[in-house]
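One structure is given here, and the rest of the page talks about it.
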Amino acid sequence: MRRKFQYVICLAGAGLLAALAAGCTSVSSSSAPSSLEKTNLTVGAVPVADEVRLYIAKDRGLFAAEGLNVTIGERGSASTRWETSAPC
């Protein structure tokens, strides 16, 4: 029984390894566009600690290095939106 369990585990591991290896390969297509479709992007963000990576990337020029012009449109919190929205 134990030997059969080890066989199943090894088989599952081999399948997982094959799936991971297939996911790491790159597929090149001759019909892929050579330039970006959109370079001007507006990203909505709520100014909270979770969004700090977005602001840091913009400040360090990471988007510009990839040819993107990113504008961060700050959105209010959910509670602010409820207070300012019209009643139903």
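The table that follows gives values for the structure above.
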{"item": "From A18, A22, A14, residue being more than 30 Å from E74 (Cα to Cα), modelled with pLDDT under 75 and under 22 Å from the mean Cα position of the chain (by Cα)", "result": "A22"}
{"item": "Every residue from region 58-73 that is over 17 Å from the mean Cα position of the chain (by Cα) and closer than 15 Å to E37 by Cβ", "result": "G67, N69"}
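The values are calculated or read from the model by the stated rules, or taken from the named source; none is laboratory data. Please read all numbers here as calculations on a predicted model, not as lab measurements. Using ideal geometry, Cβ is built from the backbone for each residue, glycine included, and neighbour counts are taken over all protein chains shown.
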